[in-house]
Amino acid sequence: MIAIPIAPDEPAPAVRDQVEMMALDAQSSLLPYALVFFVFSLPVFVWTASVAQNAVWMATLFLQFAVNWAAMYAVAGWMKRRPDLTVDLAARTRLHVFGGLLWAAAVAQLAAFALGAGVAREPLLLMAVGAAAVCCFFTCASLPCLLIVGPLAAAPPLAALYMSPAERMTGQAAWGAVALSMALSLIMNRILRRQFVMTVEREHLIDERAKALNEAEQLARSKSDLLATLSHEIHNGLTGVNHVLAAAAGSGGRAAPSREQLAAALHASDDLLGVLNATLDSENAQAGRLSVDLRPFDACHLVQTLAHQARPAATARGLELSAHIEAAFESAEGAAIGDPARVRQILDNLIGNAIKYTVRGRIELRVQRAGPDRLTIEVADTGPGLDAQELPVAFAPFRRVDRTSAGTPGAGLGLSLSRDLARMMNGDVRAESAVGLGSRFWLELPFDPAAKAQSMPPDEDDLGDAARPRALRVLIAEHEALVAAMLRSVLEQLGHRVAAARDGRRAIDPAGLCDFDVMIIDGSVAHPGGPETIRAIRKSSLPTADMPIVALIGGDGEDAEACVSAGADTVMRKPVTVSAVARALAAASDARQSRRPKPKRAQSAA
């Protein structure tokens, strides 16, 4: 027989409990068949009553025997009417043992009556032995019942047979019959338990198959929604950008694009990039590949910064946007705990939604304590509001409320992704809304009264000329032309001089011929170069072997680990931004400086 392993996510004690429950169910299903033995024993009772010396005792015994059996069936019926007992293994086992003890008591009464039954003594004792064997059979499904009820039912008639010297031979035969019935019952118990284990394993396999099928259906629906959403949003965004680029290239004899057209194309590209980033983050969050960096940060400063940045967009739509900080935060110590970048992403989405869907009125941001160790950041608006049926739809991925989202771009991922990110930081995103009155969304985060907020990295808009580093000579090794062009544009915007190579292998020669200050290389292991080029440069005897190296990856942790192991000083993820490039260059230079040996101080001549 091929053994099917028990599902690994199901602990062995739980499987044993399931098997015991099935054994008790099987024992309950055998109870109606016990009436057959009672029917066949009835003629013996009638014959015994005709020859018994004490007819009253016989009638009492018959009545007591019937009462015990009726009590046993009453217990079984009562258990069926108690759903709580169907899941309580210990209680069910005790009740089954109690019912079996009623059987054993009836057999003991029969053996006691047989001692004074005269000529019916030996037949009654043998019938009691048969009743004990029947008890073994009807309790064989449950091992505790069998081991308790079987010996207790067989002991009285066997003892009565051994009390009389003339019946000892009969007692020995009865002892053998009881031992045989006990052995057969144990074998039957073993067989039944194997069948029960196979049934449990089969149920586990069925559950796993149904779970896998459900996950596959959800994945198919998710991919279908993803394709439908992206096809619509990407088509609209790329169409607008393509028209402007075509005008800029002079296609069809059209004039150069105006500032308004360029602004519209930039807005469309920003929307497209936002959809793609939200989609990638949502997929990574559901797959468990998204990580957060939890640390103390100043939530009040973050909210004030976001309010300052969002106020022009709100004013352009005729909305009033204000931020309110709880007075206790002004003097109280402590900090919120979370990933500042992800918290900013969540609040950007909540504030952006409030501005997008609010036609008139105001938007308020509030920071307040929700308890000794919790903090909430609320975004309240006077928008159209959502009813009780629409609010869950707003949090569902790739779902949008038709009544309020008509004509507005988006993939329907903002709120679902925000909730996933918040829960990854041990927080949550909740909402209250009323149609015609507005909505209130709030982010709840852990708060540590003893923590000290860490400084947050600057935004792209905060990078002024004074904050930019000195001009560097940068070597780019990137196989994707668009990424290389974007990187060159960012570096030149920061004031650096740039040289480019098609891939890592082609960057080795320029690195040896020219004196570069830093190198930015595509760190993907799926393309030529990358870690191999970094390792080759580090092992070379060139003057640039010790220059800072920044590995540019697409977000895969394996690529980052391979590049760092090869000798990269820091890792930067795509897509590139001004602030990300500036921080990566600074981090690479700082890391390389810290690894270089410090020069020894010159000793003065004696």
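The values are calculated or read from the model by the stated rules, or taken from the named source; none is laboratory data. Since this is a predicted model, take the numbers as computed values, not measurements. Glycine also receives a Cβ, built like all others from the backbone with ideal geometry; neighbour counts cover every protein chain displayed.
Conditions (1) closer than 23 Å to V15 by Cβ; (2) of a type in the set (G, A, S); (3) surrounded by 20 or more Cβ atoms within 10 Å (Cβ to Cβ), marked per residue:
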position: G100; (1), (2), (3): no, yes, yes
position: V107; (1), (2), (3): no, no, yes
position: P123; (1), (2), (3): no, no, no
position: M127; (1), (2), (3): no, no, yes
position: S164; (1), (2), (3): no, yes, no
position: M169; (1), (2), (3): no, no, no
position: Q172; (1), (2), (3): no, no, no
position: L180; (1), (2), (3): no, no, no
Pairs needed: first member in segment 198-211, farther than 15 Å from A23 by Cβ; second member anywhere, among the hydrophobic types (A, V, I, L, M, F, W, C) and not in a helix (DSSP H, G or I); C-beta distance under 7 Å; at least 6 residues apart or different chains.
E201/I4; E201/I6; H204/I6; H204/A7; E208/A7
Would you check if I325 is buried (at least 19 other Cβ atoms within 10 Å of the Cβ) and under 37 Å from the mean Cα position of the chain (by Cα)?
no
Among (1) more than 26 Å from S224 (Cβ to Cβ); (2) of a type in the set (D, E); (3) in contact with a helix residue (DSSP H, G or I) (Cβ under 8 Å, 6 or more places away or on another chain); (4) modelled with pLDDT under 90 - the single one D281 does not satisfy:
(1)
Conditions (1) modelled with pLDDT of 85 or more; (2) in the same structural domain as V303 (by TED's automatic domain parsing): number failed by K452:
(1)
Among the numbered criteria (1) at pLDDT 85 or above; (2) closer than 25 Å to I355 by Cβ; (3) buried (at least 20 other Cβ atoms within 10 Å of the Cβ), which one does V474 miss?
(2)
Can D373 be described as modelled with pLDDT of 85 or more and in contact with a Ser or Thr (Cβ under 9 Å, 6 or more places away or on another chain)?
no
Of the residues in segment 131-156, those that are under 17 Å from W175 (Cβ atoms) and modelled with pLDDT under 85 come to A131, V134, C135
Filter segment 530-573 down to the residues that are under 42 Å from the mean Cα position of the chain (by Cα) and polar (S, T, N, Q) and list them by number.
T533, S565, T570
Condition check: modelled with pLDDT of 70 or more, among the polar types (S, T, N, Q) and either more than 39 Å from the chain's Cα centre (by Cα) or part of a loop (DSSP other than H, G, I, E, B) (or both). Does S489 satisfy that?
yes
Looking at A166, A179, A128, which is the one that is within 21 Å of Y33 (Cα to Cα) and in a helix (DSSP H, G or I)?
A128
Specify which of the listed residues (L365, L445, L417) is outside any loop (DSSP other than H, G, I, E, B), at pLDDT below 90 and either of a type in the set (A, V, I, L, M, F, W, C) or in contact with a Pro (Cβ under 9 Å, 6 or more places away or on another chain) (or both).
L417
Among the residues of segment 382-392, is any in a loop (DSSP other than H, G, I, E, B), among the small types (G, A, S) and surrounded by 15 or more Cβ atoms within 10 Å (Cβ to Cβ)?
yes
